[in-house]
Amino acid sequence: MPSLLLFASSFLLLLPGAISSDKEIESDTILLSTGKSKTGRVVYEDDEVVILRNRSKTKEYERAEIDQVDSRVRNLNELLDRLASQGPAIMTNGDALAELAQFAAASRLSGESEALFLAALLANPEQPVALEALGCRERKGSWQYKKGSKWIRTSDLALAVENWKDRWELRSVHYKVESNQPLGQAVESLFDLERFYRAFFEIFQEELHLFEPEESMDFMLHGDNGSYPETTGGRKGWFDSSDLLTHVNATSKPWRDTMFHEATHHMFHMTTVRAKGSKGSIPAWTDEGMAEMLATGLGGEAGFATFDIATPDAKHFRTQTMADKPHDLSRTLNFKADDYRSSVGPALKYAQSYTLVWFVMYGNNGERFPAFMNFMRSAYEGKSSATQFQKDFDIDSKDKFEEEWFEVVSSTSASL
């Protein structure tokens, strides 16, 4: 198939080892109605404005003055949609994966392109477009791919990675995944994280005017117990805010829910503490409750994650209703991060954080959803106390609010 090999070669310069260059990141373009174009990084857009950042300068453009927007995030969303339209079966179709990898390369998505070309070789170790694009070589009748300093047969790409030092490193627009899972699982995890990112931003971006994070989010997905750092309490995963790393023990199922739980903590941190000029922080009950919303709402096969957070989780609702002494509203609003790692009743604390978030988002037909978003805006501005909660929810009586919360939990639990 020489014509395909020739076609693939035109994309080689767009694949700089899956590491996005500053030029790639800063090459979003806005075409104005005047005919002028502006380049930088699109960090926010909605129906009214597009915000472009070029180095340290940020400028807002009205939709009325824009003819066209070309951004890597838009391109990524189209890539995710194209993958979803073909479904999980595409992961066994090397030619279809190589075609999507070419689209990704042309769309300035170098990390996603490399991941898809690798997936194409998993499906067909001799897929010609992927062989050319990834710089593979032929030796003694077999094709080889250079992973780090080692050449490995493309037919061996699916083998398990025994040592953490030989882990895979994959990148996308928003994430870096390091994993000694089998390559196919690592690729699926990369795209699952980007689907999580989109779900999170669909919930919060316009409501909270969230900008794209400045830094990539790093995930360590451990495919063996030996490489997973031991922690107290036997946690299956955690977000390390000091090193900006998320560790997940991916040795046994289910583990994807843990990845998305911790991804929520990582995302809140990046959009508050690590955001430029931010004064905000997320209270523990919201942080843990929302993390459980996204974890329990997980659906879809690996690589094709979906999130239904509106459907109540039976386990959490029943944990609260069956508790002899559930925590009152004041106690729940004042939970600290360490409370969830306590040996005393962590399940109930997670459950009540979950049900409280669900209640203010979806209880009574979502009547308190606007107030919840007001509270989240306050939290992003550095005001997330129990007093601020009462103010944003216009609560005259905490006892009455608590009673309604408990009643909704009880009635919902009975229906599950």
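Only one of 3, 20, 9 is more than 29 Å from residue 168 (Cα to Cα), modelled with pLDDT under 95 and either of a type outside the set (D, E, K, R) or buried (at least 19 other Cβ atoms within 10 Å of the Cβ) (or both). Can you tell me which?
Of 3, 20, 9, the one residue that is more than 29 Å from residue 168 (Cα to Cα), modelled with pLDDT under 95 and either of a type outside the set (D, E, K, R) or buried (at least 19 other Cβ atoms within 10 Å of the Cβ) (or both) is 3.
Quick test of your reading of the structure: residue 225 fulfils all but one of (1) free of Cβ contacts under 8 Å to residues at least 60 places away in the same chain; (2) closer than 24 Å to residue 172 by Cβ. Name the failing condition by number.
(2)
State whether one or more residues within the stretch 131-140 are of a type outside the set (A, V, I, L, M), modelled with pLDDT of 95 or more and within 19 Å of residue 92 (Cα to Cα).
Checked the stretch 131-140: no residue is of a type outside the set (A, V, I, L, M), modelled with pLDDT of 95 or more and within 19 Å of residue 92 (Cα to Cα).
Mind listing just one residue for me: the one in the stretch 153-169 that is out of contact with any Pro (no Cβ under 9 Å at 6 or more places or on another chain) and either in the same structural domain as residue 75 (by TED's automatic domain parsing) or not in a strand (DSSP E or B) (or both) and, of those, surrounded by the most Cβ atoms within 10 Å (Cβ to Cβ)?
Only one residue tops the list, namely 167.
From the list 172, 142, 179, which residue is surrounded by 23 or more Cβ atoms within 10 Å (Cβ to Cβ) and in contact with a strand residue (DSSP E or B) (Cβ under 6 Å, 6 or more places away or on another chain)?
Answer to the selection: 179.
Return the residue satisfying two criteria in turn: it lies in the stretch 275-303 and is more than 17 Å from the chain's Cα centre (by Cα) and under 13 Å from residue 204 (Cβ atoms), and of such residues it is modelled with the lowest pLDDT.
280
Those residues that are charged (D, E, K, R) and either within 15 Å of residue 108 (Cβ to Cβ) or in the same structural domain as residue 211 (by TED's automatic domain parsing) (or both), I need them from the stretch 52-73; list them, please.
70, 72
Have a look at 336, 349 and point out the one that is in contact with an Asp or Glu (Cβ under 7 Å, 6 or more places away or on another chain), outside the structural domain of residue 204 (by TED's automatic domain parsing) and not aliphatic (A, V, I, L, M).
Answer to the selection: 349.
Can you name the residue in the stretch 182-197 that is in contact with a helix residue (DSSP H, G or I) (Cβ under 8 Å, 6 or more places away or on another chain) and more than 14 Å from residue 114 (Cα to Cα) and, of all such residues, is surrounded by the fewest Cβ atoms within 10 Å (Cβ to Cβ)?
Among those residues, the one meeting the criterion is 195.
Would you check which residues across the stretch 86-102 are closer than 16 Å to residue 191 by Cα, crowded, with 18+ Cβ neighbours inside 10 Å and in contact (Cβ under 8 Å) with a residue 12 or more places away in the chain and list them?
91, 97, 98, 100, 101
Tally up the residues in the stretch 131-159 that are touching a Gly at 6+ places or on another chain (Cβ under 7 Å) and either in contact (Cβ under 8 Å) with a residue 60 or more places away in the chain or not small (Gly, Ala, Ser) (or both), please.
Of the residues in that region, 1 qualify.
The values are calculated or read from the model by the stated rules, or taken from the named source; none is laboratory data. In this text, all values refer to a predicted model and were calculated from it rather than measured experimentally. We place every Cβ from the backbone using ideal geometry, glycine too, and count neighbours over all the protein chains shown.
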